[in-house]
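Remarks on the structure that follows.
The values are calculated or read from the model by the stated rules, or taken from the named source; none is laboratory data. Note that this is a predicted model, so its numbers are computed, not measured. Virtual Cβ from ideal backbone geometry, glycine too; neighbours counted across all protein chains shown.
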Amino acid sequence: MTALPEARTLAWNAVMSASPGPLDLVVEASRIDGAVPHALRGGRLLSNGPGWTHIGGRLAHPFDGHGYVRAFEFQADGSLRLRARFVRTPAYVSEAAAQRLTHRGLGTNVGDHFWQNLFPRTGPRNVANTTIVRWNGRLLAGWEGGAPYGVDADSLETLGEETFSGALAGQATLAHFKHDVALGRLVSCSVAMGPATTLTFREFDAGGRLVHTRVAKLPSTLFAHDFVLTPNWYVLASNPLTLKWGTLAKSMLGGATLMDAIASDGSAPGAVYLVPRTSDAPVRTVALPGRAFVVHYGNAFERDGAVHLDACLFHDFAFGAEFGFQGPHAPLDPRLPDARAPQRLFRIEVPANATSATWRQLAPHGVDFPRVHPDHEGRPTPVLFGATRADTRFSDPFDSVLRVDLTDFGRQPKVWTPGGGAFVGEPIFVPSPERDEAGHVLVVVSDGAVGRSTLVVLDAAQVEAGPVAQVPLPLLPYAFHGAWDRPN
Ligand SMILES: [Fe+2]
């Protein structure tokens, strides 16, 4: 094995392991390079991700780092206020007191010996570290496999598990929620995995009341992390999964992690499921032109009975080495994700009543963290932003922002690369009230080599032109997902 490219590895680990703890700081307008656009002032970028991963001498898998919610508030005077708080889940409180891992995670065990992992054995701990949305007057910090945690929208203090009056209690709920803006609903998806898979979609009104439930039984073992909806359908890829039963048993006995026990089924053909949203009609299984494994969806919409779906799609997917993770005793290796072919952005079209779909690739780049106009979920939308890599052979760790014109696939995607070895997170689109394809894109760029993050504001119509404003910040841990929020 060749020596690690030390500088990049160190920089990546610095970003992924940054743990500044609770923050409360103001960056005055005079310290901001450029000026915060007036359209953004009074609003804030919210984000969530693992904010503590080196725990008691072990490196937790990034999926198992404790949820760390950030609010970047654009003030009226052009300054920026940053606040950050851990989500005080029971696991966080326990591990903060013990200063070591006390609960098993999805990809991290408490200790190297199986007997250290037998107790506690109460399932992977919910660290509320993946998504952040505002609903019913509070923020929800989502996690893969449990209920989200409520966070006070102003103070960011943890309110406790949010089960929506019990609807999500005990449910393995996806971290990703969807919005139906026209109906004013937040939509969740819970998964019961096995030889067959049961998905339960729940729709909540603005007051957090459960107003619609749809249970769908699917004929395969399916991996889901995200989904999309349209007025008439819930849509997700079949993502065929193999459960390694022997490893699962070993995991139950503390000798492996839960993530060790799952694998994608590379032999299965690609398909998408269309679940009728408002009726109990059968689920449609639609064949894709090739193998497909989708982690994140950009959007979906209906036109003349056809369903159009934008997805970041792997043809071949393997679990493991996420973010370069190689166990609790080694640094993350940012070269490991390069070993697999990246996910590409595809537009999938399912004609009305069809049993097979067509697709086309929308960009030559590896793309993840796809984001569109936040009010357009389930409807046509003109532009998609994503995180990408300037070198189109690879995807993560990302170093660039991508803009894809969805109104004209012949147009070349636009790319902005900050350079200098900095890493780029999920770009959040803040659309202009006047023009759906214009506005601003917010992205946190982190340079681990110099220990600095920058909140960058781009012009959404021309991201390639570079920053409109750059807000200097301390080094922040890499976030997974965020949202634009304009408090009432
Ligand atoms: Fe995600």
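Annotations for the structure displayed:
- Looking only at the range 403-417, and only at residues there that are free of Cβ contacts under 8 Å to residues at least 60 places away in the same chain and among the aliphatic types (A, V, I, L, M), the one that is farthest from Asn299 (Cα to Cα): Val415
- Any hit, the range 216-231, residues being away from the ligand (no atom under 16 Å from the Cβ) and more than 30 Å from Ser165 (Cα to Cα): yes
- Residue-level check: of (1) more than 21 Å from Trp12 (Cβ to Cβ); (2) free of Cβ contacts under 8 Å to residues at least 40 places away in the same chain; (3) surrounded by 17 or more Cβ atoms within 10 Å (Cβ to Cβ); (4) of a type outside the set (Asp, Glu), Gly366 misses just (1).
- Applying a threshold of 6 Å to beta carbon distances and a minimum spacing of six or more residues, or different chains, the list of pairs starting in the range 460-488 at a residue that is outside any strand (DSSP E or B) and ending at one that is among the polar types (S, T, N, Q) and within 16 Å of the ligand (Cβ to nearest atom) reads Ala479/Ser47; Phe480/Thr130.
- Candidates Trp12, Trp52: the one that is within 25 Å of the chain's Cα centre (by Cα), surrounded by 15 or more Cβ atoms within 10 Å (Cβ to Cβ) and not in a loop (DSSP other than H, G, I, E, B) is Trp12.
- From the list Pro351, Pro370, Pro374, the lone residue that is within 30 Å of Thr108 (Cα to Cα) and touching a strand residue (DSSP E or B) at 6+ places or on another chain (Cβ under 8 Å) is Pro370.
- The residue of the range 152-175 that is nearest to the ligand (Cβ to nearest atom), among those that are surrounded by 18 or more Cβ atoms within 10 Å (Cβ to Cβ) and over 16 Å from Ala192 (Cα atoms), is Glu162.
- Residue that is farthest from the ligand (Cβ to nearest atom), among those in the range 294-332 that are outside any strand (DSSP E or B), out of contact with any helix residue (DSSP H, G or I) (no Cβ under 7 Å at 6 or more places or on another chain) and aliphatic (A, V, I, L, M): Ala330
- Elements of type strands (runs of 3 or more DSSP E) contained in the range 392-446, each with 1 or more residues being of a type in the set (S, T, N, Q): 400-405
- Scanning the range 456-470 for residues that are within 16 Å of Ala39 (Cα to Cα) and touching a strand residue (DSSP E or B) at 6+ places or on another chain (Cβ under 6 Å) yields Val456, Val457, Leu458, Asp459, Ala460, Pro467, Val468, Ala469, Gln470.
- Condition check for Arg214: among the basic types (Lys, Arg) and under 23 Å from the mean Cα position of the chain (by Cα): no
- Residue in the range 87-96 that is assigned to a loop (DSSP other than H, G, I, E, B), surrounded by 14 or more Cβ atoms within 10 Å (Cβ to Cβ), β-branched (Val, Ile, Thr) and under 21 Å from the mean Cα position of the chain (by Cα) present: yes
- Residue that is nearest to the ligand (Cβ to nearest atom) [pool: residues in the range 366-391 that are among the β-branched types (Val, Ile, Thr) and closer than 18 Å to Val307 by Cα]: Val372
- A residue that is surrounded by fewer than 20 Cβ atoms within 10 Å (Cβ to Cβ), of a type outside the set (Phe, Trp, Tyr), within 17 Å of Trp233 (Cα to Cα) and at pLDDT 95 or above occurs somewhere in the range 286-298.
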